[in-house]
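To start, the structure itself, in structure tokens.
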Amino acid sequence: MAVSVGFMLSLQVVFNNWRIMFRRFKTVSLMEEKILKALQEKGAMRPGDIAAAAGVEKNEADKVIKKLVKEGKIYSPKRCYYDVQK
């Protein structure tokens, strides 16, 4: 079970008596925090090693790793290894 914490940024624009609301939510799950912390402490690792260091299941870690790569928070310095984006 992943717990999310985060904040909301809200912006209101008035244009010709029309109000447009823009909202952006930023959430970081507890599992993402564990994975990022493990990578920061130990450096580049394979997904199985990341899962073990973070104390989570490998299949769940794989999903979060893919998400973090897509967001640009981590990258793959070489095949099958991941590290924190510096």
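Numbers for the structure displayed
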{"quantity": "Two-site FRET efficiency, LYS70 against GLU33, from Cβ-Cβ distance with R₀ of 30 Å, rounded to 0.05", "calculated": "0.95"}
{"quantity": "Cross-link reach list, aspartates and glutamates versus LYS73, counting only Cα pairs under 17 Å and skipping chain neighbours closer than eight places", "calculated": "GLU32, GLU33, GLU41, ASP62, ASP83"}
{"quantity": "Summed residue charge, Cβ within 15 Å of ALA38's Cβ, Lys/Arg positive, Asp/Glu negative", "calculated": "-2"}
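Just so you know, all these numbers are worked out from the coordinates, no wet-lab data involved. Just so it is clear, the structure is predicted and the values come from calculations on it, not from any experiment. Neighbour counts are summed over all protein chains in view; Cβ atoms, including those assigned to glycine, are modelled from backbone coordinates with ideal geometry.
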